[in-house]
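Okay, structure first, notes after.
The values are calculated or read from the model by the stated rules, or taken from the named source; none is laboratory data. Keep in mind that what you see is a predicted model, and the values were worked out from it rather than measured. Quick reminder, even Gly has a Cβ in these numbers, built from the backbone with ideal geometry, and neighbours come from all protein chains shown.
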Amino acid sequence: MSVFDLSGRKALITGGARGLGAGMAEALANAGAAVMIGDLLEAEGKATADRIGSAGATTGFVKLDVTNEGDWESAVAATVQELGGLDIVVNNAGIEISSLLVDIDPNDVRRMCEVNILGTILGVKHGMRAMRPEGAAGKGGAIINVSSVAATIAFPAIAGYSATKSAVDRLTRVAAQESGKLGYGIRVNCIYPGLVATDMGLGLASDMARLGLWPSPEAAVGDVIGLTPLGRLGEIGDMADAVVFLSSDAARFITGIGLPVDGGMGM
Ligand SMILES: NC(=O)c1ccc[n+]([C@@H]2O[C@H](COP(=O)([O-])OP(=O)(O)OC[C@H]3O[C@@H](n4cnc5c(N)ncnc54)[C@H](O)[C@@H]3O)[C@@H](O)[C@H]2O)c1
């Protein structure tokens with residue numbers, strides 16, 4: 001059971017099939033929310049939804065490519081219909097393609113912009129349209145975008161990724177401004193996760209060695225830990241608990257922030 005109560009809330013989380021998103025979906029469910037997972041990975045997403053649902057929560061899966069506006073319309077409609085509303089949207093789906101700047105492939109940068117920036121913007125758009133007073137759900141709510149510690153520090157070989165995560169940070173604040181001024185009753189915040197050993201996090205450490213920046217993935221991870229005052233990598237639960245907090249009424253007067261969840265690495 002969570003210290004924050006989300007009983008009766010309905011959540012849609014992108015990229016929830018695995019990694020941080022799966023942990024966030026589970027934590028939202030443990031706090032009492034019904035959770036719809038949206039992801040490209042159908043089998044993995046359904047399995048994650050079933051696993052979380054087997055503990056008693058209401059869960060579902062919807063195929064969602066966050067870069068596709070039609071997918072967003074269907075995913076939000078399915079969530080409102082199947083869960084009976086929408087109160088929380090977590091824009092967690094993201095990709096990272098490492099490269100030294102001198103070798104960067106424009107197509108990789110375009111792809112990261114599409115998924116990380118456009119995908120988040122569309123999630124904010126469709127979340128707001130559904131949750132604002134005249135929307136299909138209509139009760140206000142919370143949107144949490146997933147930025148990165150990469151938006152707050154410089155790290156080699158992730159120029160494109162860092163740029164997209166800085167964009168997520170800025171667009172979060174614009175969304176909070178519009179939502180507040182227009183009386184939508186929707187809070188919009190983002191988190192900056194530190195390095196976590198998911199598929200993406202482990203891939204990043206391997207890339208650092210492959211690109212000759214560190215002698216091994218382990219050495220790269222060791223240096224990240226060295227830069228982290230709390231002296232360890234992040235864990236999935238660290239990020240998931242922050243999302244539950246920002247979704248909950250405990251954060252009722254918090255909007256437009258970026259919350260570092262990085263053990264102090266980005267201070
Ligand atoms: N792992 C880390 O160290 C770390 C650190 C900071 C920020 N983040 C951010 O956290 C988020 C989750 O990262 P993760 O480590 O769990 O990554 P991951 O690669 O393990 O999982 C990402 C999930 O997003 C989904 N996804 C990718 N593109 C999609 C699309 N177009 N539409 C829908 N779903 C899509 C994938 O299928 C996958 O399920 C990302 O936004 C990432 O940038 C991760």
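Looking at segment 46-64, which of its residues are within 15 Å of the ligand (Cβ to nearest atom) and assigned to a loop (DSSP other than H, G, I, E, B)?
Leu64, the sole residue that qualifies.
Inspect all residues belonging to segment 189-203 and state whether any of them is in a helix (DSSP H, G or I), more than 10 Å from the ligand (Cβ to nearest atom) and farther than 28 Å from Ala31 by Cβ.
First, the residues of segment 189-203 that are in a helix (DSSP H, G or I): 199-203.
Then drop every residue that is not more than 10 Å from the ligand (Cβ to nearest atom), which leaves none.
No, that holds for no residue.
Restricting the search to segment 251-261, which residues are over 15 Å from Thr198 (Cβ atoms) and either hydroxyl-bearing (Ser, Thr, Tyr) or touching a helix residue (DSSP H, G or I) at 6+ places or on another chain (Cβ under 9 Å) (or both)?
Going through segment 251-261, the residues over 15 Å from Thr198 (Cβ atoms) turn out to be 251-260.
Ala251, Ile254, Thr255, Gly256, Ile257, Gly258, Leu259, Pro260, listed by residue number.
Does segment 157-166 include one or more residues that are away from the ligand (no atom under 16 Å from the Cβ), part of a loop (DSSP other than H, G, I, E, B) and either among the hydrophobic types (A, V, I, L, M, F, W, C) or assigned by TED's automatic domain parsing to the domain that holds Glu26 (or both)? Before the answer, list the steps.
Within segment 157-166, the first condition is being away from the ligand (no atom under 16 Å from the Cβ), and the residues that meet it are none.
For segment 157-166, residues away from the ligand (no atom under 16 Å from the Cβ), part of a loop (DSSP other than H, G, I, E, B) and either among the hydrophobic types (A, V, I, L, M, F, W, C) or assigned by TED's automatic domain parsing to the domain that holds Glu26 (or both): absent.
Every residue in segment 82-93 that is more than 13 Å from the ligand (Cβ to nearest atom) and not in a strand (DSSP E or B), please.
Glu82, Leu83, Gly84, Gly85, Leu86, Asp87
Restricting to segment 138-175, name every residue that is of a type outside the set (D, E, K, R), in contact with a strand residue (DSSP E or B) (Cβ under 7 Å, 6 or more places away or on another chain) and surrounded by fewer than 21 Cβ atoms within 10 Å (Cβ to Cβ).
Within segment 138-175, Gly140, Thr152 meet the criteria.
Condition test on Thr79, is it among the β-branched types (Val, Ile, Thr), surrounded by fewer than 18 Cβ atoms within 10 Å (Cβ to Cβ), away from the ligand (no atom under 13 Å from the Cβ) and over 21 Å from Glu235 (Cα atoms)? Spell out the reasoning first.
On the way: among the β-branched types (Val, Ile, Thr): yes; surrounded by fewer than 18 Cβ atoms within 10 Å (Cβ to Cβ): no; away from the ligand (no atom under 13 Å from the Cβ): yes; over 21 Å from Glu235 (Cα atoms): yes.
The answer is no for Thr79.
State whether one or more residues within segment 205-217 are of a type in the set (D, E, K, R), part of a loop (DSSP other than H, G, I, E, B) and either within 19 Å of Asn91 (Cα to Cα) or in contact (Cβ under 8 Å) with a residue 40 or more places away in the chain (or both).
No; the residues of segment 205-217 include none that is of a type in the set (D, E, K, R), part of a loop (DSSP other than H, G, I, E, B) and either within 19 Å of Asn91 (Cα to Cα) or in contact (Cβ under 8 Å) with a residue 40 or more places away in the chain (or both).
Here is a list of conditions, (1) closer than 27 Å to Arg252 by Cα; (2) under 19 Å from the mean Cα position of the chain (by Cα); (3) among the hydroxyl-bearing types (Ser, Thr, Tyr), and Tyr184 meets all of them except one; can you say which number that is?
Condition not satisfied by Tyr184: (2).
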